[in-house]
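The structure under discussion appears below in the form of structure tokens.
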Amino acid sequence: MPAHEDRWVSSFVFLLFCASSIPVWGSVGLLQEPSPQSYFSSLEAGRASLAFFTPHVSPGAQPFLEQIESSAQALQDYGISVVKVNCPKEDISRYCGKDNVLRKAYLFRGNILIREFPTDALFDVNSIVANVLFALLFNEVKYVQTLADLQNIENALKGKSNMVFAYVPATGTAEHRAVMEAAFVYGTIHQFVLTTEAALLESTGNDDPDVSSAWLLFCHCQRATDPAQPCRRTALGQPLTLLNIHRHLKLMGAPLVTEVAEDPEKVSTVHLQLGLPLVFILSQKDTYEADRRTAEFVAWQLLGKAGVALLSRDLVDLNVLHRSNVALKTPDEGLPIQYLALEDTDEVITLVEDKNKVKQIQEEEEEEEEEDEKENNNQDIQDDQVVEAVSRDKKRELPLEQILVLTEDTFHSSLSEAARTVVLFYASWEAVSLAVLRSYSEVADHLKGTPGVLLSRVNCWDWPGICSQENVTQFPTIKIYGKGEQSVTYDGMWGTEELTSFIILSRFSCPLRLATRDEAEGYLRGEFPSELSSYHHTSLLGVFSSATSEAQEAFEEAGNILSGHVRMGMYFEDDALALSHKYSVSPPALLLARNRGRSVEGISLSKQSVQDMVQMIRYELLDIFPEITVQNLPQYLQLTKPFLILFSDGAISQMESQEMLKLAKGRPQQTFVACWLNL
């Protein structure tokens, strides 16, 4: 509906309400005609009038006369005149006959009789106005008695117009009058449907309706697209009065979600004007579609209780915490807008329905900030890296410009843009995800300009469908997608160094096939391939001959499992035997090169199964006398052996290292893990 028409309707109803509130004294507005002939000759085409015929002397009719005279002014507001027609004593026509005089009232449009009313049905002003309007608005207000009738009307309206469904316990009541007066104004905009059948009210979805009270439901049939689904319904939560109905219809006619790009303090909507709060969902370009869906979901839940607006952070400079995702503006003048960080839509809805919730959330946030300040003052670096990252970074915006944001529309197309696409699946509300997101941003900085590698991220809070489709069941998860290959899931530590190493190693085949003896020797020295020369990984080279194809196949399968975690090469040319003899082993064998080839250890491959080979490779890559760190502790715990730990306040001396190495090498491998820990 155009804005100027909406304003006209609003003004009309307001004036109508005010006019109907003016007390009426005497017979203001009541017209009198001396005879039926005079009355019928004065009727104008299209104009409605309510007439009652009475003799000059009418004993016992005083109560009816008082009520109908009192209704004259109210009906006049709707262009309906109330006429008292005097019947001469000698007139025995239809309207002045003794059977009809003061027993019936007649509603005419022009000279056409619309309805006869028994005078006992017109017992007060409300009943008179309600019944007269009900008769005149027979096209605008449908009366239904069965559920089938209601469903037929609803189905006919889907995709075209909305429906206002009202239940009143009885006709002629104040509530019935309010519905009719609203239909007089809004009947050309919405289809009004009325019933007095309690069973119909129960069928509209109300669990335990109070059938002794009137109800009004706004049915959003214009938005309905599925013929099999009922129209959404929004109940009027206040008593059924003309002013409340007008207010409800104004709210239903407002946009479901208002998009704003200005200072929230300057924003004004119909909700604020009608005394309701306005909820802002803070959005940004990368998550616009998801934020829009969230705003629409919240708006449906709060329809009639609060307005919902989508506020873009990219267009408005807000001086608030980055983690704030919701703002609440109340209609009370002088109260500042409250910016809050809420975890789910239920909290947003509770925020509106429970006025004490805002104060409670603010108190919790203030307490949390005070605790954070105390923790930061008492401890420069916390032991738990996750706690440290979250507590320090929650107020700081991370540099994520180099990480592509993926949505449902761009996910699959982006996987084909680069040879390797790295995807971080995370949840924006989850602590570990926020910590990993910082490491991931540092990885993006380290790998900036690396050809063939694209770093991206998917917020599973915004795009749950993608995460479900990719079998992401925990947060965070990192997967690497290669063209024409199965995705590889990262299962290591979340530090920047470990993530970077995994992504770099994943660029190359595992195992990497080496074509010449020079390539194999360069591989053991850490010089080949050249892209890995700056990374200090232990090199593992499998050497095979034509007679060891079974071990070679198991080695290749093991490489697929260990891809991204281990630098593995494979050599099976004609001179493979000579290469292995150089290191005192025969094919099939492993050559383990540490310290860029300065120390190469030859290990015979006696185990042929894939799992045994994976376990052996992982074991051989472990140091004999390691320093236990957060990063490598899980690897040594997987050995399920007791630990013999040398505790040291700082680095250990060369003598201590040598003695512990002798102890570790002098015992069978299965006995214990000899290690040291820097306190």
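The values are calculated or read from the model by the stated rules, or taken from the named source; none is laboratory data. All figures in this text were calculated on a predicted structure; none of them were measured in a lab. All Cβ positions, even for glycine, are placed from backbone atoms using ideal geometry, and neighbour counts span all protein chains on display. Note: areas computed on protein heavy atoms with side chains; ligands, DNA, RNA excluded. Shrake-Rupley method; radii C 1.70, N 1.55, O 1.52, S 1.80 Å.
Determine, from the Cβ-Cβ distance of Val320 and Ala261 and an R0 of 22 Å, the FRET efficiency 1/(1 + (r/R0)^6), rounded to the nearest 0.05. Intermediate results must be reported in sequence, preceding the final value.
Details: r = 16 Å, r/R0 = 0.74.
For Val320 and Ala261, the calculated efficiency is 0.85.
Tell me, what is the per residue accessible area of the range 254-355 in Å², probe radius 1.4 Å? Kindly include the intermediate steps, with their values, before the conclusion.
On the way: 5040 Å² over 102 residues.
Per residue, the range 254-355 has an accessible area of 49 Å².
Rank Ser416, Ala427, Pro451 by how far each Cα sits towards the positive end of the charge dipole of the range 398-505 (+1 on Lys, Arg Cβ; -1 on Asp, Glu Cβ) and give me just the farthest.
Pro451
Place a point 7 Å from the Cα of Arg94 along the Cα-to-Cβ direction; which residues of the range 131-155 have their backbone N under 19 Å from it?
136
Just to be sure I understand the model, the point goes 7 Å from the Cα along the line to the Cβ. What's the resulting Asp226 to Ser584 distance in nm?
7.4 nm
For the range 624-678, give the magnitude of the charge dipole about the Cα centre (Cβ charges: +1 Lys/Arg, -1 Asp/Glu; no others), in debye to the nearest 20. Before the final figure, lay out each step's value.
Values: 4 positive and 4 negative charges, 61 e Å.
Value, rounded to 20: 300 debye.
Pick out, in residue order, every one of the trypsin sites (Lys or Arg not before Pro) in the range 501-600 that is DSSP loop and has at most 11 other C-beta atoms within 10 Å; say none if there are none. Present the calculation step by step, with values, prior to reporting the outcome.
Working: sites: Arg507, Arg513, Arg517, Arg525, Arg567, Lys582, Arg594, Arg596, Arg598; in loops: Arg507, Arg525, Arg596, Arg598.
The qualifying sites are Arg598.
If the limit is 31 Å between Cα atoms, which of Lys582/Lys662; Lys160/Lys305; Lys582/Lys641 go over it? All intermediate terms of the calculation are to be shown ahead of the outcome.
Values: Lys582/Lys662 26 Å; Lys160/Lys305 25 Å; Lys582/Lys641 34 Å.
The answer is Lys582/Lys641.
How much accessible area does Asp409 have with a 1.4 Å probe, in Å² rounded to the nearest 10?
Asp409 has an accessible surface of roughly 130 Å² with all protein chains in place.
Which ³J(HN,Hα) values, rounded to whole Hz and listed in residue order, are derived for the range 643-656 from phi using the Karplus coefficients 6.51, -1.76 and 1.60 in 6.51 cos²θ - 1.76 cosθ + 1.60 with θ = phi - 60°, glycine and proline given as x?
Whole-Hz 3J(HN,Hα) from phi for the range 643-656: 9, 9, 10, 9, 8, 9, 8, x, 5, 7, 7, 5, 5, 5.
Testing the spin-label approximation: label points 7 Å from Cα along Cα→Cβ at Ser413 and Phe40. State their distance in nm.
7.6 nm
Could you tell me which residue out of Pro255, Ile349, Asn319 lies farthest along the dipole of the range 254-355 toward its positive end? Charges go on the beta carbon: Lys and Arg +1, Asp and Glu -1, centred on the Cα centre.
Pro255
For a quick check: with amide H placed at 1.01 Å from N, whose amide H comes under 5 Å from Leu342's, ignoring anything fewer than 5 positions away on the same chain?
Asn325, Val326
Note down the accessible area of Asp149, probe 1.4 Å, to the nearest 10 Å².
Around 70 Å² of this residue is reachable by solvent.
Using heavy-atom solvent-accessible surface (probe 1.4 Å) with all chains present, what is the largest-first order of Arg103, Arg233, Arg293?
Values: Arg103 140, Arg233 85, Arg293 110 Å².
The most accessible residue leads, giving Arg103, Arg293, Arg233.
Could you compute how much accessible surface Val320 exposes when probed at 1.4 Å, giving the result in Å² to the nearest 10?
Rounded to the nearest 10, that gives 40 Å².
Using 0.36 nm times the number of residues separating Glu289 and Gln654, minus their current alpha carbon distance, what extension gain do you get?
Numbers: separation 365, 0.36 × 365 = 131.40 nm, distance 6.02 nm.
The span from Glu289 to Gln654 would gain 125.4 nm if fully extended.
Can you tell me, using C-alpha contacts under 8 Å and at least 6 residues apart, the relative contact order of the range 254-355 as a whole percent? Kindly include the intermediate steps, with their values, before the conclusion.
Values: 156 pairs, mean separation 34.3, N = 102.
Answer for the range 254-355 is 34 percent.
How far is the Cα center of the range 574-647 from the Cα center of the range 230-277, in Å?
So the separation of the two Cα centres works out to 70 Å.
Pop out the ³J(HN,Hα) list for the range 249-265 in order, Karplus 6.51 cos²θ - 1.76 cosθ + 1.60 with θ = phi - 60°, rounded to Hz; leave Gly and Pro as x.
5, 4, 5, 5, x, 6, x, 4, 10, 9, 8, 10, 9, 9, 4, x, 5
Please find the FRET efficiency linking His446 to Thr671, where r is the Cβ-Cβ separation and R0 is fixed at 35 Å, and quote it to the nearest 0.05.
Numbers: r = 40 Å, r/R0 = 1.14.
Plugging the Cβ-Cβ distance into 1/(1 + (r/R0)^6) gives 0.30.
Ordering Leu157, Leu278 by how much accessible area each has at a 1.4 Å probe, largest first, what is the list?
My answer, sorted largest first, is Leu157, Leu278.
Between Glu353 and Lys662, what is the label-to-label distance in nm when each label sits 7 Å out along the Cα-to-Cβ direction?
Placing both labels 7 Å along Cα→Cβ, they lie 7.5 nm apart.
Starting from the Cα of Arg517, move 7 Å in the Cα-to-Cβ direction to define the label point; list residues of the range 581-619 whose amide nitrogen is under 15 Å from there.
581-584
With charges only on Cβ, +1 for K and R and -1 for D and E, what is the dipole size of the range 528-601 about its Cα centre, in debye, rounded to 20?
Values: 5 positive and 9 negative charges, 108 e Å.
Dipole size: approximately 520 debye.
Please list 3J(HN,Hα) in residue order for the range 493-505, calculated via the Karplus relation 6.51 cos²θ - 1.76 cosθ + 1.60 where θ = phi - 60°; whole Hz, with x for glycine and proline.
Taking θ as phi minus 60°, the curve returns 6, 9, x, 4, 5, 5, 5, 4, 4, 4, 5, 5, 5 Hz for the range 493-505.
May I ask you to rank Met252, Met163, Met493 by accessible area, largest first, using a 1.4 Å probe over the protein chains only? If you can, show how the numbers build up before the last one.
Working: Met252 20, Met163 0, Met493 60 Å².
Sorted by accessible area, descending: Met493, Met252, Met163.
Please give the FRET efficiency for Glu202 paired with Asn155, using the beta carbon to beta carbon distance and R0 = 25 Å, rounded to the nearest 0.05. Before the final figure, lay out each step's value.
Numbers: r = 20 Å, r/R0 = 0.80.
For R0 = 25 Å, the calculated efficiency reads 0.80.
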